[in-house]
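**Q** Next up is a structure, given as structure tokens.
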Amino acid sequence: SKDGVNKVPLLGIWMRRLYCLFLDRKDLKQGLKTILTAIDQVKSGISICIFPEGTRNTNEDITELLPFKEGSLKIAEKSGCPVVPVAIKGTAEVFEKHIPLICPSHVVIEFGEPFIVKELDPENRKFVGAYTREKIAGMLSEMEKENN
């Protein structure tokens, strides 16, 4: 999560207890330390969920994803763990469309086929963020087709 969330009373404590790592986007050296910590956690058996867009996506079309941060998948590459693409639909109706209220909504979470970064062909391995983005965009597109 972004470093500022760590300073929110109670939320920061709760997130730290869930092994959440906080990233200061302005401090490259601290960012590298966070990635190294994440690699150690994954190697010790802790699963990590990463949102590689780096921020909340406000596009109306859910298949229009923001570019994925390539560095966000270094953890999987360096630890050798599989990447499980996850497509989430319906979260904007919970909060963004009703700010500052939180409203109930139907949220769909779909898990894609896992892959290991080192087993990808060289072009996809070089741009694993774009590869993962394409997989998730395809999943979201299928979710939209099922809805119509």
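**Q** Run the quick spin-label model on PHE95 and CYS49: label points 7 Å from Cα toward the beta carbon, then report their separation in nm to one decimal.
**A** Label at PHE95, label at CYS49, 1.2 nm between them.
**Q** When the accessible area of the chain is computed with all protein chains present and a 1.4 Å probe, what percentage of it is carbon and sulfur?
**A** Here it works out to 58 percent.
**Q** Over the Cα atoms of the chain, what is the Rg over Rh ratio if Rh follows Kirkwood?
**A** Answer for the chain: 0.97.
**Q** With only Lys, Arg, Asp and Glu charged, each at its Cβ (+1 for the first two, -1 for the last two), find how big the charge dipole of the range 1-108 is about the Cα centre; round to the nearest 20 debye.
**A** 540 debye
**Q** Let me ask you something else. How many nm is it between the label spots at THR63 and VAL8, if each spot is 7 Å from the Cα in line with the beta carbon?
**A** 3.2 nm
**Q** Mind listing the Cα extents of the range 95-148 along all three principal axes, in Å, largest one first?
**A** Here the spans come out as 45, 27, 14 Å, largest first.
**Q** Give the accessible surface of the range 1-147 per residue, rounded to a whole number of Å², with probe radius 1.4 Å and ligands, DNA and RNA excluded.
**A** Per-residue value: 70 Å².
**Q** Name the residue from LEU18, PHE111, ALA87 whose Cα lies farthest towards the positive end of the charge dipole of the range 1-112, charges +1 on Cβ of Lys and Arg and -1 on Cβ of Asp and Glu.
**A** Value computed over the given set: LEU18.
**Q** Another question about this same structure. Mind listing the phi-derived Karplus ³J(HN,Hα) values for the range 77-92, rounded to whole Hz, using 6.51, -1.76 and 1.60 with θ = phi - 60°, and x for any glycine or proline?
**A** These are the phi-based 3J(HN,Hα) values: 5, 6, 8, x, 7, x, 9, 10, x, 10, 10, 10, 10, x, 6, 4 Hz.
**Q** Give a residue-ordered list of calculated ³J(HN,Hα) values for the range 41-47 (Karplus: 6.51 cos²θ - 1.76 cosθ + 1.60, θ = phi - 60°; whole Hz; x for Gly, Pro).
**A** 5, 4, 4, 8, x, 7, 7
**Q** Give the residue list of GluC sites (Glu not before Pro) in the range 1-104 that are DSSP loop and have at most 12 other beta-carbon atoms within 10 angstrom.
**A** Listed in order of number, the matching sites are GLU60, GLU64.
**Q** What does the net charge come to around GLU77 if you take all other residues with beta carbon closer than 12 Å to its beta carbon, with K and R at +1 and D and E at -1?
**A** Taking every other residue near GLU77 into account, the sum is +3.
**Q** Another question, then. Once you put a point 7 Å from the Cα of HIS106 and another 7 Å from the Cα of GLU123, both along the Cβ direction, what distance in nm separates them?
**A** 3.9 nm
**Q** Let me ask another. Between GLN30 and GLU142, what FRET efficiency follows from the Cβ-Cβ distance if R0 is 30 Å, with the result rounded to 0.05? Intermediate values should be presented prior to the final figure.
**A** Values: r = 38 Å, r/R0 = 1.27.
That pair, GLN30 with GLU142, gives E of 0.20.
**Q** How long is the range 3-46 along each principal axis, judged by its Cα atoms, biggest number first, in Å?
**A** 29, 26, 7
**Q** Then there is this: Collect residues whose amide H, placed 1.01 Å from N in the peptide plane, falls under 5 Å from the amide H of VAL83; neighbours closer than 5 in sequence don't count.
**A** Long-range HN contacts for VAL83: PHE115, ILE116, VAL117.
The values are calculated or read from the model by the stated rules, or taken from the named source; none is laboratory data. Since this is a predicted model, take the numbers as computed values, not measurements. When we count neighbours, we look across all protein chains shown, and the Cβ atoms used for this are built from the backbone with ideal geometry, even at glycine. These accessible areas exclude ligands, DNA and RNA; they are computed on the full protein's heavy atoms, side chains included. Shrake-Rupley method; radii C 1.70, N 1.55, O 1.52, S 1.80 Å.
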